Amino acid sequence: QVQLVQSGGGLVQPGGSLRLSCAASGSIFSIYSMGWYRQAPGKQREWIATIFTGGTTTYTDSVQGRFTISRDNAKNTVYLQMNSLKPEDTAVYYCRMVAAGRDYWGQGTQVTVSS
């Protein structure tokens with residue numbers, strides 16, 4: 001059984017930084033991509049960033065230049081380094097893995113940006 005376990009998050013002041021981690025465990029084959037999404041209160045879940053197996057990364061415009069997605073292939077772990085955080089970045093953040101034609105999601109972690 002494949003599981004994604006997230007860590008990191010919390011409360012940070014505007015302009016601060018946080019790093020999220022998401023570790024995949026279990027019988028994992030043919031990872032296509034790993035990525036991050038977020039869902040703010042009263043809003044739909046939105047895509048933030050993806051890293052593909054070959055290392056290519058892509059970001060939504062609102063986080064481009066502030067967030068960095070990276071991956072440790074040996075550990076099947078994906079990271080999201082978030083800098084210059086803004087109040088509008090407040091949301092529950094989820095990691096996602098696409099592997100062998102299936103979707104897997106992490107449990108979600110709260111990020112709150114507030115003074």
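Annotations for the structure displayed:
- Label sites at residue 56 and residue 72, each approximated as a point 7 angstrom past Cα along Cα to Cβ, lie 2.6 nm apart.
- Distance between the 7 Å Cα→Cβ label points at residue 43 and residue 103: 1.9 nm.
- The magnitude of the dipole of the stretch 10-73, with charges of +1 and -1 set on the Cβ of Lys/Arg and Asp/Glu and taken from the Cα centre, is near 140 debye.
- Rounded to the nearest 20 debye, the dipole magnitude of the chain is 100 debye, with +1 charges on Lys and Arg beta carbons, -1 on Asp and Glu beta carbons, and the Cα centre as origin.
- If you run the Gaussian network model on the chain, springs between alpha carbon atoms under 10 Å, then out of 41, 14, 87 the most flexible one is 41.
- Residue-normalised accessible area of the chain, given per residue in Å² at a 1.4 Å probe: 53
- Ranking by accessible area, most exposed first, for 72, 61, 103, 89 with a 1.4 Å probe: 61, 103, 72, 89
- Probe 1.4 Å - accessible area at residue 45, Å² to nearest ten: 100
- When the chymotrypsin sites (Phe, Trp or Tyr not before Pro) in the stretch 18-59 are filtered for DSSP coil states and for at most 11 other beta-carbon atoms within 10 Å of their beta-carbon, the remaining sites are 29.
- To put it simply, the accessible area of the chain at a 1.4 Å probe is 46 percent carbon and sulfur.
- Centre-to-centre, using Cα atoms only, the stretch 15-38 and the stretch 40-80 are separated by 8 Å.
The values are calculated or read from the model by the stated rules, or taken from the named source; none is laboratory data. Just so you know, these numbers come straight off a predicted model, no measurement behind them. So basically every Cβ, Gly included, is an ideal-geometry build from the backbone, and we count neighbours across all protein chains shown. Accessible surface is based on the protein model in full, side chains and every heavy atom, while ligands, DNA and RNA are left aside. Shrake-Rupley method; radii C 1.70, N 1.55, O 1.52, S 1.80 Å.
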